[in-house]
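Accompanying notes for the structure given below.
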Amino acid sequence: MKLFNKINWLPTSLAIVTLLIIFGINSPKAVYAAQKGDKDTTVSTNDIQFTDIPTAADSIAIRKKAADSAAKAAVAKPAVKQKAPAGEKPKTLWQIFIFGLLGGFTAVILPCIYPLLPLTVSFFTKKSGSRSKAIGQSLIYGASIIVIYVTLGLLISIIFGSDALNQLATNGIFNIFFFLLLVVFGISFLGAFEITLPSSLANKLDENADKGGLAGIFFMASTLVVVSFSCTGPIIGTLLVDAASKGDRLGPAIGMFGFSLALALPFTIFALFPSALKSLPKSGGWLNSVKVVLGFLELAFALKFLSNVDLAYHWDWFDREIFLSLWIAIGLLIGLYLIGKIKFSHDSDVPYLSIPRVFLSIIVFAFVIYMIPGLWGAPLKSISAFLPPEATQDFNLSSIPDGGGASTSSATVTVPASIGKRKYAESYARIKTRGLDAWYDYDQALQVSKAIHKPILIDFTGFNCVNCRKMEANVWSDPEVFKRLKNDFVLLQLVVDDKASLLPEEQFVSDYSGKKITTLGGKWSDLEAKRFNSNSQPLYVMLDSDGNFLKDASGNDIPTSPADYDIASYIRFLDSGIAAFKK
């Protein structure tokens, strides 16, 4: 007897084709007239007394020489190896695992899986004939689920490789397609249609499940994976692409391990303790409510990917207040749905509010109220990492920190006019931190540093860098940090995911990776990897006016700093550079 009805597979085929397109397309090259306009900018040094200023023509040779010197210094001084933010990848993998675990537990309480719990457990109990055999079969069943999903994650990693996965997070085509994919998933969860795999596949697996033995149990697990795809597909799709975009080869496999572990645990645990099934809530309309709420969350999450593309390609229309307005509207709809004021076609009547609905609606409405001041520029630090930068806000009433006192520098120094106009400033206006005048070209920053006698603070950042936005909103906004950034450094922000094409004469083949560098972001990414042994953002580096590392009191290079949300620690890092430069 077949346990499952015929299911529609066309939407799923479209979703799979879309994922293949996403992973297979290379990043497009965008050309910006504003940046090209800087190609004729010349720099005169007639009124400035300094020597050995690197120009754009020989910047590659200078950085190569600096990289060789840094490599020699690293051999002589092992302490410099601290520059690489070791330990960051394991933390990321743990985050992916936990995200997968939460996704798996969420999938268990969806209407495609939850009703199968008692059915599957009773099947093992009756078919095995003994409790010990039922436990053994349920363990094999759970292990089979894990093997299937982890294999899927490994296949994605093996087929596309770490280099391709690294490019996904900033790939415009990827972000657009994933935005559309999440919208489709969200609409599916809201009940418009179901994304399912071909019914013939489910029937074939169901036939093999009747054979018994280890193979039969494995095919039973495969059948569960196929027939529950209408519920698990959106969660798996979100998890896989998010894990892949972290840039770690093991990301998809670790995410799938967490997801499958959470999915397999209930089947195994209830097989061990069948009486516990009686304590489970009965299936009903609440299962569809969970699905609908997840649909709203998918729509909210999709907006982040649209924002990524808007920033990287300088569309300049998806501002912070537009993003917040959409999140506020989605939050209101979730709250109204939870209290029964909105109803979809597949929903049951809500004659009264249950206690869980009351508490969830309180949380949702409170979050909506919290977001509203953000429309007028409130920093919203708890979610700032996910929002577009504050510079995209058209109407901003929030105050700029003044540092609570005078600068640690003796006086403010005006940059000589002969330095020329600030390159790329117009393109980066949307990530500019209010009150800070950053530079965006390495060679020009060296000139400015020599002219005004201040150290350089390089901020390797990105349009799509979540941790960068969190540092800017939560750490740079501190008055003491802001004071130092404004008065004591030449702030150089190098955006590693900018898709602006370099002029033909500026393109080069990297002597570090061997790849041809054709974009401005690729130029700075190559510099970060080659010179500073890192490919993560944010990364903060302090240099002197010649582009050398600043030295501490012991004569060692001051190491670079990754994201550091401890304000006191970050201030110590900045102060060490200020003191070293003054020496």
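With each label modelled as a point 7 angstrom along the Cα→C-beta vector, the residue 575-residue 139 pair spans 5.8 nm. Segment residue 382..residue 193, full-extension length gain: 64.6 nm, with 0.36 nm per residue of separation and the alpha-carbon distance subtracted.
The Cα atoms of region 404-507 give a gyration tensor whose axes a ≥ b ≥ c have a/c of 1.5 or more with a/b no greater than b/c, which makes the shape oblate. Extension gain, residue 325 to residue 214: 0.36 nm times the residue separation minus the Cα-Cα distance gives 34.7 nm. Using Cβ point charges alone (K and R +1, D and E -1), the dipole size of region 413-568 about the Cα centre works out to roughly 400 debye. Most simply put, region 441-583 has about 65% antiparallel DSSP beta bridges, counting only bridges with both residues inside it. Legend: calculated FRET efficiency, residue 552 to residue 436, from the Cβ-Cβ distance at R0 = 25 Å, rounded to 0.05, equals 0.45. Scalar couplings 3J(HN,Hα) for region 269-280, obtained by applying the Karplus form with A = 6.51, B = -1.76, C = 1.60 to θ = phi - 60°, are 5, 6, 6, 6, 10, x, 5, 5, 4, 5, 7, 6 Hz; x denotes Gly and Pro. If I model a spin label at residue 98 and residue 564 as a point 7 Å from the Cα along the Cα→Cβ vector, what separation in nanometres do I get? Placing both labels 7 Å along Cα→Cβ, they lie 2.3 nm apart. Across 228, 536, the residue with the most accessible area heads the list, and the full order at a 1.4 Å probe is 536, 228.
For region 455-528, with all protein chains in place and a probe radius of 1.4 Å, 49% of the accessible heavy-atom surface sits on carbon or sulfur. Overall, the anisotropy analysis places region 293-368 in the prolate class: the square-rooted eigenvalues a ≥ b ≥ c of its C-alpha gyration tensor yield a/c not less than 1.5, with a/b exceeding b/c. Rounded to the nearest 20 debye, the dipole size of region 413-453 about its Cα centre is 140 debye, using +1 on the Cβ of Lys and Arg and -1 on the Cβ of Asp and Glu. Short-range pairs are left out: with C-alpha atoms under 8 Å and at least six residues apart, the relative contact order of region 452-583 is 32 percent. Residue 398: net charge of surrounding residues, Cβ under 12 Å, Lys/Arg +1, Asp/Glu -1, itself excluded? That works out to +2. In terms of its C-alpha gyration tensor, region 251-290 has an oblate overall shape, because the principal axis ratio a/c (a ≥ b ≥ c, square roots of the eigenvalues) is not below 1.5 and a/b does not outweigh b/c. Annotation: amide H-H contacts under 5 Å for residue 517 (H modelled 1.01 Å from N, sequence separation of 5 or more, or interchain): 508, 509, 510.
The values are calculated or read from the model by the stated rules, or taken from the named source; none is laboratory data. Bear in mind that the values here come from a model prediction, so they are computed numbers and not experimental data. Here the Cβ is made from the backbone with ideal geometry for all residues, glycine too, and neighbour counts use every protein chain on show. In case anyone asks, the SASA skips ligands and DNA or RNA and just uses the protein heavy atoms, side chains included. Shrake-Rupley method; radii C 1.70, N 1.55, O 1.52, S 1.80 Å.
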